[in-house]
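Here is the structure we will look at, set down as structure tokens.
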RNA sequence: CACCCCCUAGCUCAGCUGGUUAGAGCAUCUCACUUUUAAUGAGAGGGUCCUGGGUUCGAGCCCCAGGGGGGUGACCA
């Protein structure tokens, strides 16, 4: 493995620590009794503390040094004085271990006393120093100046996502985003369990990918010799549980959809699904309002958030607009009573591209998506979707052309989707059959018929309202992020290609001495074939040039020696 | 999948019209320094210019192909 200069220095320091009898990766637990942020917040001088964390910076001034120690809560300055740390004759711990062998990024434990420096910085005077973990790779050197401006920030998205561990260490705001994510989920879970609803787990591997319109990932079960799908939704399973007699069930469901990736889509994402018996979608709107307000308070302490420079107000109630009115307002088109032909004409007038496979529902969805969606910045419920685009939703109580469904839009993005659930088994069967006809027309996202689900409905499901909330997107809204990758710890990326090191053993098999083999490889001859094909004179010249340039402590090569390698 | 942009030291980035030995700040190493905080001062080392071809007397720069990433569109939540 080829190491950078800085890595080689650190490996050498590691070896020297061992020579001094210091285990750079000790086994015993370290008895931490204080953390940086709470300590600084309620600072009192003269307190004995035992802390552990990562050294983020060092300022060495001869016999005294300052360093920043970062733990899970934040950073605190530590002060190391040679004679405080090493009161006896032996100053090795300070002079050699701290000053020479430790680096930025190393994890240490310290015991000491709190005090305030001349410049007023809350600090810890270190009296004991323990190496807890030596780091081999240098961290990016992010610095913040007096005005709070960040210099040399670690910003490359590729590196940040691939090495999230580094991102979290050097970019504190990233850590706060994921703490906020956890708070949002916790607030939702508490709100449900307080009301007696049950958190459940349903299958991720499904024989029929149901409950949504999307392309699934497919896999295969060997023992059963059947295809299985990673779930695109868990809706149909949760409804089976309502049939079974639970009043309220919910699941934070990791769903998988084999579709495009962009700043609002990741192949796997998290939806909170909640189903509550004997309720309808009006009740659900109020429930969602309260839920989002609570989630916002959990993150911000109030119901206001900022997103991409715009204030978003999560204070209930939210505006409610029917889909018909939304389209009427933004396009002048009244979809009420319009047939497929009329809709196609309207799309043509509005310059919206459509495909032959699209039915009424998809056409209306296109118009809304193109002309209306982006207008809804503040949380807004769009209600009463056309029946064709909602095969699992109860028909509207006043007009069977529409359904009792709403979606919640924030900042022009769909965040939640909810229905008065269709519980009429005859109607549900007919709706599935409509989907089959769409599939026959070429709609590859039309739903499959789930016979077992229909059987469950035939046993009787109480009137139920259900909602799915896009957790990743909600977290984006609440943490001022415009990319889903910023709220997923490990967003999906193409696998990284690790350049495998040269096969030094194969080179040595040609007769190349072990001490020369890595240099031969580094000079560009990293396979036996490349050595054998080389002209001995040219190879010798190149390697001796390499030797000189890199000041290798090896005798210059003779032509006879090189000829034995190439077999010439 | 289409179009546009990016890939240079550990990190952030310069690098002109193709022209000497590819630069800067931070980081690293050596020395000095007992209250600093983007510590300071002096000195030094560090490069597969993403990869592979091509054009050229000469390529980090131009051309072709490939890889990775970002943005926009399409699809979707």
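The condition (being under 21 Å from the mean Cα position of the chain (by Cα) and exposed (fewer than 13 other Cβ atoms within 10 Å of the Cβ)) is satisfied by just one residue among A:263, A:310: A:263. Take the conditions at pLDDT 90 or above and either more than 10 Å from RNA strand B (Cβ to nearest atom) or closer than 30 Å to residue A:250 by Cα (or both) and apply them to residue A:477. Does it pass? So residue A:477 fits the description; yes. Scanning the range A:383-417 for residues that are in a strand (DSSP E or B) and either within 12 Å of RNA strand B (Cβ to nearest atom) or free of Cβ contacts under 8 Å to residues at least 12 places away in the same chain (or both) yields A:407, A:408, A:409, A:410, A:413, A:414, A:415, A:416, A:417.
Note on the range A:149-202: among residues that are in a loop (DSSP other than H, G, I, E, B) and modelled with pLDDT under 95, the one that is nearest to the chain's Cα centre (by Cα) is A:163. Residue A:86 falls short on exactly one of the conditions (1) buried (at least 16 other Cβ atoms within 10 Å of the Cβ); (2) within 25 Å of residue A:47 (Cβ to Cβ); (3) in contact (Cβ under 8 Å) with a residue 12 or more places away in the chain, and that condition is (3). For the range A:209-260, enumerate the residues that are over 23 Å from residue A:190 (Cα atoms), under 22 Å from the mean Cα position of the chain (by Cα) and either free of Cβ contacts under 8 Å to residues at least 60 places away in the same chain or crowded, with 23+ Cβ neighbours inside 10 Å (or both). Correct list: A:216, A:217, A:230, A:231, A:232, A:256, A:257, A:258, A:259, A:260. Checked against (1) surrounded by 14 or more Cβ atoms within 10 Å (Cβ to Cβ); (2) out of contact with any helix residue (DSSP H, G or I) (no Cβ under 6 Å at 6 or more places or on another chain), residue A:275 passes all but condition (2). Condition check: away from RNA strand B (no atom under 13 Å from the Cβ) and either assigned to a helix (DSSP H, G or I) or touching a helix residue (DSSP H, G or I) at 6+ places or on another chain (Cβ under 8 Å) (or both). Does residue A:292 satisfy that? Judged against the criteria, residue A:292 is a match.
Could you please tell me which pairs satisfy a Cβ distance under 6 Å, a separation of 6+ or placement on different chains, a first residue in the range A:70-83 that is closer than 25 Å to residue A:95 by Cβ and in contact (Cβ under 8 Å) with a residue 40 or more places away in the chain, and a second residue that is part of a loop (DSSP other than H, G, I, E, B) and near RNA strand B (Cβ under 10 Å from one of its atoms)? These pairs meet every condition: A:77/A:121.
Note on the range A:327-378: residues that are within 13 Å of RNA strand B (Cβ to nearest atom), outside any helix (DSSP H, G or I) and surrounded by 18 or more Cβ atoms within 10 Å (Cβ to Cβ) total 3.
The values are calculated or read from the model by the stated rules, or taken from the named source; none is laboratory data. Bear in mind that the values here come from a model prediction, so they are computed numbers and not experimental data. A quick note on method: Cβ atoms are made from the backbone with ideal geometry, for glycine too, and the neighbour counts reach across all protein chains shown.
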